[in-house]
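Below you'll find the structure, written out as structure tokens, and then a few comments.
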Amino acid sequence: MMMETGTYAVRLRERGQMTIPQPLRTALAARDGDILLLVQIGDIVMLTPKQPRVPQLSQQFVAMMQREGVTLADLLDGLREEREYIWRERQHRDA
């Protein structure tokens, strides 16, 4: 996914308020009431959305599983096998 870049002029208003330009709000999928983070690095200030990533990640994960033909049972079996492998490696290392 390609993220567009841009420069926007904003005016600082009373009590430090500013309006985020509509194209930027659209690009960030920001809506009224959303929490955004201002990050300061030296004299640079970045604005980033602070939104839960779990729903987005879970949707991406489900799409990947469907593309690859992997079921939840397959993942759980793989997890069990990986835990057994790690346990055997630790036993061998500690022996």
State all residues of the range 15-54 that are in a helix (DSSP H, G or I), under 16 Å from residue 5 (Cβ atoms) and modelled with pLDDT under 85; if no residue qualifies, say none. 27, 28
Output for Cβ contacts, cut-off 7 Å, separation at least six or different chains, first residue more than 15 Å from residue 37 (Cα to Cα) in the range 10-25, second not acidic (Asp, Glu) and not in a loop (DSSP other than H, G, I, E, B), reads none
Boolean, residue 12 is part of a loop (DSSP other than H, G, I, E, B) and more than 16 Å from the chain's Cα centre (by Cα): yes
Only one of 72, 12, 57 is modelled with pLDDT under 85 and of a type outside the set (Ser, Thr, Tyr); which? 57
Here is a list of conditions, (1) over 30 Å from residue 18 (Cα atoms); (2) loosely packed, with under 10 Cβ neighbours inside 10 Å, and residue 55 meets all of them except one; can you say which number that is? (1)
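The values are calculated or read from the model by the stated rules, or taken from the named source; none is laboratory data. On a predicted model such as this, the values are computed, not experimentally measured, just so you know. Cβ sites come from the backbone with ideal geometry, for glycine too, and all protein chains shown count toward neighbours.
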